[in-house]
Amino acid sequence: MSLKKCKIIELPKISDPRGNLTFIEEMRHIPFDIRRVYYTYDVPGGADRGGHAHKALHQLIIAMSGSFDVKLDDGRNKKKFHLNRSYQGLYVCPMMWRDLDNFSSGSVCMVLASNLYEASDYYRDYEEFISVVSSK
Ligand code: TYD
């Protein structure tokens, strides 16, 4: 899996003086079916999240409120994305190490995921992740 597959997806935005609306349809706006949604909130200043890769999971990461950075690493190349728009999502393909930090006060990070939670889908050891991607 290459970092080139990971990109910001512009989601539909219905602008309205009463408040804007964004929607996401699986396999239409994002390249996977959604089986799980989770979100992090009340993140204290200076905290880091992530620090792992997924073997098979596809994800879309959205800054629903506030902003934060997502650093992606496919074992060869690294790229940093700053998320701060609720009508944009960062698509993260499988086998991508990610670190999230620089959370603004009150930020909410929502993640759409292609599968249910499975601890066995994680690489949590960076050296192990690097040795697996290097051997491919
Ligand atoms: P983790 O995926 O490491 O969080 P993050 O990437 O945001 O830093 O998960 C943190 C803890 O929450 C870990 O003990 C696993 C648990 N967890 C679930 O039980 N279900 C889930 O859907 C997720 C994402 C995490």
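The charge dipole of region 3-135, taken about its Cα centre with unit charges on the Cβ atoms of Lys, Arg (+1), Asp and Glu (-1) only, comes to about 440 debye.
With Rh defined as the Kirkwood radius, the inverse of the mean 1/r over Cα pairs, the Rg/Rh of region 3-135 is 0.97. Among the GluC sites (Glu not before Pro) found in region 80-136, not one is both in a DSSP coil and sparsely packed, with 10 or fewer other Cβ atoms within 10 Å of its Cβ. Computed from label points 7 Å out along Cα-Cβ, the spacing between S120 and H52 is 1.5 nm. Can you classify region 7-56 as rounded, prolate or oblate using the Cα gyration tensor, where a ≥ b ≥ c are the square roots of its eigenvalues, rounded means a/c under 1.5, and otherwise it's prolate if a/b beats b/c and oblate if not? Because a/c hits 1.5 or more and a/b fails to exceed b/c, region 7-56 counts as oblate.
Within the full protein context, the accessible area of I14 is estimated at about 90 Å² for a probe radius of 1.4 Å.
For Q88, the residues 5 or more places off, or on other chains, whose built amide H falls under 5 Å of its own are L11. Sparse packing (at most 16 other Cβ atoms within 10 Å of the Cβ) combined with a DSSP loop state is found for the following trypsin sites (Lys or Arg not before Pro) in region 33-65: R35, K55.
Modelled spin-label separation between K71 and D33, with each label point placed 7 Å from Cα along the Cα-to-Cβ direction: 3.6 nm. Among the chymotrypsin sites (Phe, Trp or Tyr not before Pro) in region 1-106, those placed in a DSSP loop whose Cβ has at most 14 other Cβ atoms within 10 Å are F23, Y41.
The values are calculated or read from the model by the stated rules, or taken from the named source; none is laboratory data. As the structure is a computational prediction, the values presented were derived from the model and not from experiment. Here Cβ is always computed from backbone atoms with ideal geometry, including for glycine, and neighbour counts include all displayed protein chains. Please note that ligands, DNA and RNA were not included when accessible areas were found on the heavy atoms of the full protein model with its side chains. Shrake-Rupley method; radii C 1.70, N 1.55, O 1.52, S 1.80 Å.
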